[in-house]
Amino acid sequence: MAKQISICRSSSSISNVVGNVTYIVRNFMIGLFPKNFFKSIYIDTAMSQLEMEKEDVFKKDKPLLIIRPRVSLNDNSIFQGLPDWMSTNHYMFTELQGNYKPVLFDEENKVFVYTAPDRIKINYEIEIITSTKMQQINTAYFLKGIVLHKSYFYLNNARIETEVPKYYINLIAEHLEYDLKDVNQRIEYSNYLDKYSRSLITEKIKTSSGNPAYFYIYSANILSMFEDYPDIDDGEQNNQISSNFKISENFGIEFWCPINYILETGVQPSIEILNSAENDYKLGLFDTLTVANFTLQFPIPSTYGEMILLKKQGYLTDTGTEKDILDIRPLFTKGLAEVISYNNKYNLDNGEVFHIDLWNDDSKVAEENVNINWSTLVLENIKPLPNTTYHIALYGHNETITRILHRLDEINKTIYTK
């Protein structure tokens, strides 16, 4: 395959990233105070002037937390002293594997997607509205002492979701001959993206447009600073009665965000396959799994293709039933259940990860007589023999399960460290 490189600037908006980090800032601010301290929370997601709806907002229960993001496109304070050629707007698209962060890495088909980063700065106007002057003073004093002011600190391991250019998604699908108009091939392609993406890539509906789009989650350390100490006012005057006492803070954050995406096809990697995370995550997953002991006159196979036997269990059928409805949730450990939930959530095929056979004596029940609902974990045994012991054999793909558990561990990391 000849070397082909396609480069494009992402056309996706920054609104999704801003929404993600604003939610992180929201959780950070809430986490500074005792549980259920704030009775109401208002986030200016439209980034419009709050004063236009000030009366409605201030009618909410107090204390009220207000967060207004203001994206700065020019204030790159970390790099403001560097020459222009070192800014995040200049790129040298060479030695991609060594210089850029991989998003998708498929050595087998020689398909690679990388990102070039940009430094984003967002200033947050944070206000806390209290009912009384004393509560205002106490809250401001508490806020002054609980966090560092006028100095940088990090919100570590933030999980941020950003959009992958749909052009690339369609181009890769065409390159690998997936027909995205076909429902089954679309599911197969989702499994492909999940398998080879360095972080989760999934199809979602954009709330802003209602159209499908593809997103991936990346990790970043957010450089943060409260730029000055809390400022307080004298409240609002209404018929000589004061109310809505305000505490104001300016909170600035900076972080890396993908701005360019690079697609590379047909290239032999110059570095070793980037699977160190998976290799480090071999936890002996199945050490905790047990195989039930049954006295059988025939051996249930220990493998199904590349899958290994995880568990087997027997059950006795009822008399004269046309169909046995079985709850198979007890077959799955907590980790395996999380893998199934992950696949269901992101419309991935559980059949690529697990397989279940049903045995009667030394004969395997025909697949057309066994239905499995992976959403409810219900198995249907159609036309079972009466008063007969059947054996359920659960198989799983070790490598895929380990990879998904690793991904879940990454997704569920804490979004900040106090």
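The values are calculated or read from the model by the stated rules, or taken from the named source; none is laboratory data. Since this is a predicted model, take the numbers as computed values, not measurements. Methodologically, a virtual Cβ is constructed for each residue, glycine included, from the backbone with ideal geometry; neighbour enumeration extends over all protein chains shown.
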**Asked** Considering only region 319-336, how many residues are out of contact with any strand residue (DSSP E or B) (no Cβ under 8 Å at 6 or more places or on another chain), touching a residue at least 40 places away in the same chain (Cβ under 8 Å) and part of a helix (DSSP H, G or I)?
**Response** 2
**Request:** Identify, from the list Thr295, Thr321, Thr288, the residue that is modelled with pLDDT under 80, more than 30 Å from the chain's Cα centre (by Cα) and over 22 Å from Val370 (Cα atoms).
**Result:** Thr295
**Message:** I need the full set of residues from region 220-245 which are modelled with pLDDT under 90 and in contact with a strand residue (DSSP E or B) (Cβ under 6 Å, 6 or more places away or on another chain), in order please.
**Reply:** Ala220, Asn221, Gly235, Glu236, Ser243, Asn244
**Request:** Go over the candidates Tyr178, Tyr124, Tyr91, Tyr192 one by one and state the one that is surrounded by 14 or more Cβ atoms within 10 Å (Cβ to Cβ), modelled with pLDDT of 90 or more and part of a loop (DSSP other than H, G, I, E, B).
**Result:** Tyr178
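Please work out if Asn381 is touching a residue at least 12 places away in the same chain (Cβ under 8 Å), closer than 24 Å to Ile308 by Cβ and out of contact with any Asp or Glu (no Cβ under 9 Å at 6 or more places or on another chain).
Working: touching a residue at least 12 places away in the same chain (Cβ under 8 Å): yes; closer than 24 Å to Ile308 by Cβ: yes; out of contact with any Asp or Glu (no Cβ under 9 Å at 6 or more places or on another chain): no.
No; evaluated as a whole, the condition is false for this residue.
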**Asked** Can you name every residue in region 376-394 that is more than 15 Å from Val365 (Cβ to Cβ) and either charged (D, E, K, R) or surrounded by 14 or more Cβ atoms within 10 Å (Cβ to Cβ) (or both)?
**Response** Leu377, Val378
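The rows are residues; the columns are (1) of a type in the set (Phe, Trp, Tyr); (2) more than 25 Å from Glu188 (Cα to Cα); (3) outside the structural domain of Glu306 (by TED's automatic domain parsing); (4) modelled with pLDDT of 90 or more.
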position	(1), (2), (3), (4)
Thr333	no, yes, no, no
Asn344	no, no, no, yes
Leu358	no, yes, no, yes
Val370	no, no, no, yes
Leu379	no, no, no, yes
Thr389	no, yes, no, no
**Message:** Of the conditions (1) touching a residue at least 60 places away in the same chain (Cβ under 8 Å); (2) surrounded by 15 or more Cβ atoms within 10 Å (Cβ to Cβ), Ala173 satisfies every one except a single condition; which number is it?
**Reply:** (1)
**Message:** I'm told Asn347 meets every condition in (1) touching a residue at least 24 places away in the same chain (Cβ under 8 Å); (2) touching an Asp or Glu at 6+ places or on another chain (Cβ under 6 Å) except one. Can you identify the failing condition by its number?
**Reply:** (2)
